[in-house]
Every structure is written in structure tokens, then in C-alpha cells.
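Nothing in this text is a laboratory measurement; each read-out follows from the coordinates by a stated rule. This structure is a prediction, so every number in the text was calculated from the model and none was measured. A quick note on method: Cβ atoms are made from the backbone with ideal geometry, for glycine too, and the neighbour counts reach across all protein chains shown.
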Amino acid sequence: MADTPLIELTDIVKSFGPVSVLKGVNLKAFPGKVTALVGDNGAGKSTLIKGLAGVQPYDGGEVRFDGQAVHLHSPRDASALGIEVVYQDLALCDNLDIVQNMFLGREETAGLIFDEGQMEREASETLRSLSVRTVKSVRQKVSSLSGGQRQTVAIARSVLKKAKLVVLDEPTAALGVAQTEQVLNLVRRLADQGVAVIIISHNLQDVFKVADYINVLYLGTMVAAIPTAETTSDDVVGYITGSKTYDGVNV
Amino acid sequence: MTTTPATPPPPPTDTTNLPAEGGFIGSGQEGGIGDQVRAYFQRVRSGDMGALPAIGGLIVLVILFTILSQTMLGQQFFLTERNFANLLTQAASLVMLAMALVFVILLGEIDLSAGVTSGVALSAFVVLTKPDGPNMNWVLALVVALLVGVVIGAFIGFFVARVGIPSFVVTLGLFIGLQGVTLILLGAGGVFRIQIPEFLAIQNANLPIWGGWVMLAIILAVSFGMSLWDRALRTRAGVPNRTFALVIAKLAVIAVLGGFVVAVLSQNRSSSIKEIAGVPIVVPVVLLILWIGTFALDRTKFGRYIYAIGGNAEAARRSGIKVITIRWVAFIVCSVLAVVAGVFSASKVGSVNAGFGTDTVLSGVAAAVVGGVSLFGGRGRLMHAAIGALVIAVIANGLGLLNLPAGVNYIVTGGVLVLAATVDAVSRVRAGGSLTRT
Ligand SMILES: Nc1ncnc2c1ncn2[C@@H]1O[C@H](COP(=O)(O)OP(=O)(O)OP(=O)(O)O)[C@@H](O)[C@H]1O
Ligand SMILES: [Mg+2]
């Protein structure tokens, strides 16, 4: 708690036309900790994340990264800081293969041309570290993968390069029991390596299993930010649905 | 996960067939020639047919016209050395135009003004080189013509990539507007003859006999060299290489097919005393551009990002790709290559008139589609478009020889286009249920 947060969002606002989606949101994520972000459908979780990724810049508010005020106007700004995001809609190119997707926008080159061998090896190693069993070839087109396999590729992409902050927007939604277990283990492992992890999930069981802090977003405002050890599933459900309020919001 | 290993990892003794911990993930490079061939057919069965239907169509058409020429005309006009050379020079411009369009079609865009762009550029060329006018050096004028392509491409790119207007609309507007520019440059009804021997030589002269063989030798050497280079990079990274037999097989195919083509074109095909033989000069020019373009699309960021944007523009954007710039450049490349197509066409006919390039663009699009390039973007290769263009050129050439009315040509070409699209769609639907595509 005493550490400086790796990322600190203050008073973040974002609206789409007349619709105000984020109404002054605060969020902190610490290195080596897993921060869960929960909330009902449409609460604004993905919107908050896309701002962090520079994909959909915020309208206002302050972002501090490692104590420094930063501006996240484009995906490049975010990746330059070491922020990697697994999007809810995965954002993969169906017509490209697994390696090409994992390295998209940051290809390894030997001179002017691609170093396909290098990329292929790194991709296989990363996938193997995620205990992927069912993918036959890293040169498979993503269009030929199942939903869960695609999700694994998206996750593998985010951990391919050493990131400082990994954000996962419902990373286990399409996964089977074993794969979910793997991803949760991975999340824990990343945090243990000192990475700050933000994970969005609707599965409170998973959240309680893996998270150090739980943040609850309710209709565009952060209504709770609590260490996991100090709360219960029932309370969190209450905050999510708005039937309970929490007074220690400003941790 | 490391970015640059200080020392290359020890090449795993043989990752080929061992089930490693955590489950083995292949790379599609493993196994002998049999496995590779099987994998290829599995890809084809699962709907990834590439140019296969077009190649099949090409073979069928050649057989058909050979038979029809023999039976309907009582003499072989189609399958002759002369017609073969003729066909290549007739097709060159369409091949080039189709290849130009691939760059924007891969993005899911279209350039309806590609033909008239070449019209404006070639009008500028003939006006600038007019002996009783500016009389500019023809190479310089050619550079100006290509620059006209750059400017028009940049103009389209601005409106499509930056302003966000659909390319169909922008280029439809240009299709109409640029015809006016050509008309103003040349004056109505004017036909400008080109009398620059070097310019006309592109389509009307041939390499010396030895030149054809040197060309083939260079192709083989470059192909072999690139294979070795690829394998060296893969070996350095410690990932498996395809069996070497495949490299040899590929070279053998190029050598046999290329050798056959060069040999045929080395025969005297003149009907008079003056000998005509050799590979038409336009052939190596087209092959060079095909090679450079394929290199760029397959091996550079520019090419990879074109495919990525065509597949999922939002994913590309989120990956930090400069989508606007790539789109913009693609339109410039398309327009410049379209001008090259116009150069081939002008060199072939030896003149430029106010209608130049107005009726070619849809054939170019058709050629790309027949070859297996998807209009939805993200799928297709330059080679596919080139083969598609050959199909359309063979139809025009064959039907022309049979003295059938011109209307038949249009009907058949249209039919082939729909047929090609149907084959593609059916193969994809059939593959739709299968998730085991490799
Ligand atoms: N591009 C957009 N344009 C307009 N409205 C948007 C846009 N993106 C999101 N919204 C709106 O913002 C609100 C929050 O959406 P968001 O995707 O952030 O929710 P979420 O918390 O991620 O929900 P879920 O749990 O369903 O993923 C929704 O009401 C949504 O309709
Ligand atoms: Mg969401």
C-alpha cells in the first residue's frame, strides 16, 4: 500500500457525444499486484481500459505513470511506456497467422526484412510458457482458431515483450476450466515478476482467487477500491449492483 | 521472451518430431516433402485455394482454344509461337494494372480511377515529348508521368485515408474528373502518335536470345539465394526449416516452366523473311516489378501492415500501426503502377488519345478477383492478380482469333468473373465449419 502506484488515474472523464460514460474515475495499480476491475455490463470498464491503451483517449483527468504525468493519445504512447492490453474483442487479424498477430506492430527485422525465424521461436516459447496444448502450428491462420485459442493468442501477445503493466479485459470469458486456470496462474506469475496487472472479470470466484485489490465501477464512478482480504463476495456483489455503498473509496 | 539473445540459442537437436513439454507447437515447416504436400492439399481443401482455380481455368482455356482453332478455322492460330508472344504483350498492361490494384484491394479499398490516372499521365507524356512542342527527353517525360501518378495517388489517399471518404466515391469522382483533364491536355479527337523508338521497344522489341536465358538464370539464382537466406535466418533462430528437397523442387519447376517459355520465345516467329525471336522486353520488366512488389508485401512492414489493415483495421490501429500513412502510401503505389500499365499499353499501340485508360479499370479489378484476390481485403497476392489477368487476356485473345463478335468476349469474361467468385465462395462455405485449418 505504501508503494507508489505504477499507474494512477485521477478524475478521469470520458463521454461519447451526450453520453457521459466515465464521470471522474480514480484507479491505482501497483507493481507486483493484481488489481481487479469489476462492474456491471456497461459500467465503463472497457472504456476506462481503452483510454489507458491510448486507443480511445480520455476527455479529461490525470494519468500518472511511475509518478510522472503522462499523456496517452495513441497506442504507441501506451506501448512505449510498457502498457500491454488484451482487449475484450481480442482485436486480432483473422487473415494473419499466430506469429504475425503476436508481433503485429513490433516485428523483428534483420535489416529491412522480417526475421521470421526469430519471431517464430519467440512466439512458440511464449505460447509454450502458457501451456498451450491444442494449437497445432504457430503458422496457423487466426481465422482457423477456436474462441479460446484466439483468446490465448491475444494473451500471449500481451506478455510477449516485457511489459510493466498488463491489462486484461475479460481474458477468461471464452476459456475452458483448464485454460482459465492457466490464465489465472499466468496473471499471478506476472505479478510475482513485478508486473502490475489489471484484470477485468465478471467471475467473482476468479477475482477473489487472483486479485490483491478489487475496484468496483458503477455507472461510470468508482464506488469501491478495497484490498481483497478485507471484503467478501457478497459485499462486492452489493457494490456492483448498487445495493450497498462503501465509504473507503479513496484509498 | 527476450528481445535479442546475446548468443543464438543452441539449435535444438531436432524439434521436428518430438512432443515437447507443454505440448508441441509446430511451425508448419516440419516433415518431409510428403508431409508438406499433404499439408498443402489440406489447406486447399479447407478453402485456401489461392490462384489454383485461375491456373486451372488458364489450362482449360488454352486447351479449349487450341481445339476450337483447329476445328473452327481448320488451322492452328492459337497455339503458335507468334500468338504466344503476342498474348504476353497484349496481357502485359492488364497484368500491371491488376497488380497495381492489389495494393488497394488488399486494404478493402478500390481505385476506379486507376485507368484514367494512366490516361492523364500518358497525355502529359505525349504532350511533353511532342517533337514540334516541348520535345522533352523521353526518360524525363516518363519520370514526369510517374510523378503524375504520385500526385494523383496522394490526392486519393488524402481524401480516403485522412478525410475518411469511401474510396469508391473519391475515385469515382476522379474517374469522371480526370477524363476531363486528359481531354483538355490532348484536345478532343486528337490522337497523339508516339515516335520514340526506345519507348515503343518496351512492347515491340525482344531481348536477344541469350538475354532470355540470362533472365531465367537470374531468376533461378535469386530464388535460390533467397531460399538459402531464409533458411540461414531460421537456423540462426533455432527453428526448423522445410526440407531442402522442397527448395530443389521449386527451382526445378521454375527451371522447367521458365525454360519452356524462353525456348518457345526463342524460336523464329516471323511470317516474313526478317527474323523475330526472343523474349519481349516487357516480360522482364513485369517480372521485376512483380518480384519487388511481392518482396515488399511479404517481407516488409509496409506489406504486413497492408494485410493487417485489410484484415482488421481496428486491430491494426490498436497495434500502433500508422493506418493513415499506410493507406495513403498504398494509393500512391497503386496510381504509380497504374501509370506503368498505361506505359505498356501506349507502347503497344504507339499512340495516346483522349479516351486512353477509360475502359481498363474494371478489367483490372476483374483480373484480380479471378486470380483469387478478395475484394473484402486482406487476402490475395500480386501473383494471383497476374494470373487472373492472363486468364482474361487469353479469353480476349482466343475469341479474337476465332473471329467471334466482340460481344462474345464481354459475355465470356463476365461469366468467368462470376464463376471465379462462385468457386471462391463455395470453397469458403465448405471450409466454414472446419476449425482445423492449418
Ligand atoms: N464508441 C462508443 N460510442 C458510444 N458509446 C459507447 C462507445 N463505447 C462504449 N460506449 C458506451 O459506454 C458505456 C460503457 O461501455 P463499456 O464497454 O466501457 O462497458 P463495460 O463496463 O466494459 O461493459 P461489459 O461488461 O459489457 O464489457 C456503454 O453504455 C456503452 O454503450
Ligand atoms: Mg467491457
Residue-averaged 222 nm ellipticity for the protein assembly as shown, from DSSP H runs of 4+ at -39500 (n - 2.57), nearest 500: -18000 deg cm²/dmol
By average C-beta atoms within 10 angstrom, highest first, the peptides A:213-221, B:418-426, A:142-150: A:213-221, A:142-150, B:418-426
Convex hull volume of region B:24-66 per residue (C-alpha atoms, cubic angstrom): 89
Least to most buried among A:H73, A:H202, B:H384 (fewest other Cβ within 10 Å first): A:H73, A:H202, B:H384
Difference of contour (0.36 nm per residue) and Cα-Cα distance, B:T300 to B:S271: 5.7 nm
Gained length - B:W210 relative to B:I59, 0.36 nm times residue gap less alpha-carbon distance: 51.5 nm
Two-site FRET efficiency, A:T232 against A:A178, from Cβ-Cβ distance with R₀ of 25 Å, rounded to 0.05: 0.35
In order through region B:106-120: 3J(HN,Hα) via Karplus (6.51 cos²θ - 1.76 cosθ + 1.60), integer Hz, x for Gly, Pro: 4, 7, x, 10, 9, 10, 6, 9, 4, x, 6, 4, 5, x, 5
For B:44-51, mean number of other protein chain Cβ atoms within 10 Å: 1
Mean separation of Cα contacts under 8 Å, 6 or more apart, over the residue count of region B:113-245: relative contact order %: 25
Hz values of 3J(HN,Hα) by residue in region B:79-85 - Karplus curve (6.51, -1.76, 1.60), Gly and Pro given as x: 8, 10, 4, 5, 5, 4, 5
Sequence ranges B:353-365, A:89-101, ranked by mean other-Cβ count within 10 angstrom, highest first: A:89-101, B:353-365
Relative contact order (percent, whole number), region B:16-154, Cα cutoff 8 Å, 6+ residue spacing: 10
Cα Rg over Rh - region B:198-258, Kirkwood: 1.19
Kirkwood-based Rg to Rh ratio, region A:87-143, C-alpha trace: 0.97
Theoretical FRET efficiency, 1/(1+(r/R0)^6), r = Cβ-Cβ of B:A232 and B:V418, R0 51 Å, to 0.05: 0.65
Residues with amide H under 5 Å from that of A:S20, placed H, sequence gap 5 or more: none
Which listed pairs, of A:K45/A:K162; A:K136/A:K161; A:K28/B:K322; A:K14/A:K244; A:K45/B:K301; A:K136/B:K301, have C-alpha distances above 28 Å, in listed order: A:K28/B:K322; A:K45/B:K301
Backbone HN-Hα couplings from phi across region B:187-196 [Karplus 6.51/-1.76/1.60, Hz, Gly and Pro as x]: x, 4, x, x, 10, 9, 7, 9, 10, 9
Principal axis dimensions, largest first and in whole angstrom, of chain B by Cα: 77, 57, 42
Amide H within-cut-off set for A:A224, under 5 Å, with H built and near neighbours excluded: A:V216
For peptides B:127-137, A:108-118, A:45-55, sequence by mean Cβ density within 10 Å, most packed first: A:45-55, A:108-118, B:127-137
Per DSSP, loop trypsin sites (Lys or Arg not before Pro) in region A:59-107 with at most 13 further Cβ within 10 Å: none
Straight-distance crosslink candidates among aspartates and glutamates, where the alpha carbon sits under 19 Å from B:K348 and sequence neighbours closer than 8 are dropped: B:E81, B:E198, B:D359
Residue-span extension gain [B:Q75 to B:V37] - 0.36 nm each, minus C-alpha spacing: 9.6 nm
Per-residue mean of C-beta atoms belonging to partner chains within 10 Å, peptide A:97-105: 5
Fraction of the pair-distance distribution of region B:118-180 above 19 Å, Cα-Cα pairs, percent: 40
Distance between modelled label sites at A:T109 and B:W291, nm, 7 Å Cα→Cβ extension: 2.2
Relative contact order %, chain B, counting alpha carbon pairs below 8 Å whose residues are six or more apart: 35
Gyration tensor (alpha-carbon) shape descriptor, region B:41-191, a/c threshold 1.5: oblate
Rg/Rg_globular for chain A, with Rg_globular taken as 2.2 N^0.38 Å and Rg from C-alpha atoms: 1.01
Volume per residue of the C-alpha convex hull in the protein assembly as shown, rounded to whole Å³: 187
R0 of 35 Å, Cβ-Cβ distance A:N41-A:K209: FRET efficiency to nearest 0.05: 0.95
Anchor A:K209: lysines whose Cα lies under 19 Å away (excluding residues fewer than 8 positions away in-chain): A:K33
Averaged over B:309-317, number of beta-carbon atoms from partner chains that fall within 10 Å: 6
Rounded, prolate or oblate (a/c below 1.5 giving rounded, otherwise prolate when a/b exceeds b/c) for region A:137-205 by Cα gyration tensor: oblate
Inter-probe distance in nm under a simple model that places probes 7 Å from Cα toward Cβ, at B:F158 and A:Y246: 5.4
Inter-label distance for B:S223 and A:H202, nm, one decimal - labels placed 7 Å from Cα along Cα-to-Cβ: 5.4
Cα gyration tensor shape for region B:332-416, rounded if a/c is under 1.5, else prolate or oblate: oblate
Reach of A:K50 by Cα under 18 Å, taken over aspartates and glutamates that are not fewer than 8 positions away in the same chain: A:E8, A:D11, A:D40, A:D59, A:E62, A:D77, A:E84, A:D89, A:D169, A:E170, B:E314
